[in-house]
Amino acid sequence: MRKFFSLHRSGSDLPYRMSDRILDMAGMALVILQLLLFVFLQEWEKGQNYGPESPSYAVWMVLAVLFWLIGFGASRNPSFVNVPVRMNPKRVTVQNYWKCHFARWLNIVLPMINATTCWTERNSRLGLPMEWAGAFNVLAFTLLVVLAIVMTIQVYRVGRG
């Protein structure tokens, strides 16, 4: 019988390596840092007296936690992750491991995209420094595309062998 959720294992028969644990902890740390950024920006906006408060920070915080929870669940249940590759019945365990690994990497990239998008959205109103945000946003989206391509190729390659 397979357990769906466990903090110490992947919840399935897949291996849970140290690199997986590090990616899980890094994703959790990025979400916590992202929530702290949103709270900081909200408090800064209150201190600047820019008029009525905007509920957008609460929306960004809910989205951050929701994206992380979906990714966390997907990293433990390979059926949540779909790739355009035929699954080989003889190599399905290895292919599922790489699908879960892909979900863990998404938990690293998506908080970066969410934080930089929030930062750039609020910049017009708060006059925040923008030197790094645009480049970081482009870098994060590029990393997302490259990650999707590389992981799809990896799932395909391990399924052939």
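The values are calculated or read from the model by the stated rules, or taken from the named source; none is laboratory data. No experiment lies behind these values; they were computed from the predicted model shown. Here Cβ is always computed from backbone atoms with ideal geometry, including for glycine, and neighbour counts include all displayed protein chains. These accessible areas exclude ligands, DNA and RNA; they are computed on the full protein's heavy atoms, side chains included. Shrake-Rupley method; radii C 1.70, N 1.55, O 1.52, S 1.80 Å.
Return yes or no: is Tyr156 touching a residue at least 40 places away in the same chain (Cβ under 8 Å), out of contact with any helix residue (DSSP H, G or I) (no Cβ under 6 Å at 6 or more places or on another chain), assigned to a helix (DSSP H, G or I) and open to solvent by 20 Å² or more (accessible area, probe 1.4 Å)? Criteria met by Tyr156. Going by the structure shown, is Glu131 within 26 Å of Phe38 (Cα to Cα) and assigned to a loop (DSSP other than H, G, I, E, B)? Against the criterion (within 26 Å of Phe38 (Cα to Cα) and assigned to a loop (DSSP other than H, G, I, E, B)), Glu131 qualifies. Across region 82-114, the qualifying residues are those that are part of a helix (DSSP H, G or I) and more than 30 Å from Leu33 (Cα to Cα), and the one among them that is nearest to the chain's Cα centre (by Cα) is Gln95. Considering region 10-32, the residues that are loosely packed, with under 15 Cβ neighbours inside 10 Å and outside any helix (DSSP H, G or I) include one that is modelled with the highest pLDDT, namely Arg17. Does Leu66 satisfy being in contact with a helix residue (DSSP H, G or I) (Cβ under 9 Å, 6 or more places away or on another chain), at pLDDT 85 or above and open to solvent by 40 Å² or more (accessible area, probe 1.4 Å)? The answer is no for Leu66.
Residue by residue, here is whether (1) over 30 Å from Gly161 (Cβ atoms); (2) modelled with pLDDT under 90; (3) open to solvent by less than 60 Å² (accessible area, probe 1.4 Å) holds:
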position: Tyr57; (1), (2), (3): yes, yes, yes
position: Val85; (1), (2), (3): no, yes, yes
position: Ile113; (1), (2), (3): yes, yes, yes
position: Arg122; (1), (2), (3): yes, yes, yes
position: Val138; (1), (2), (3): yes, yes, no
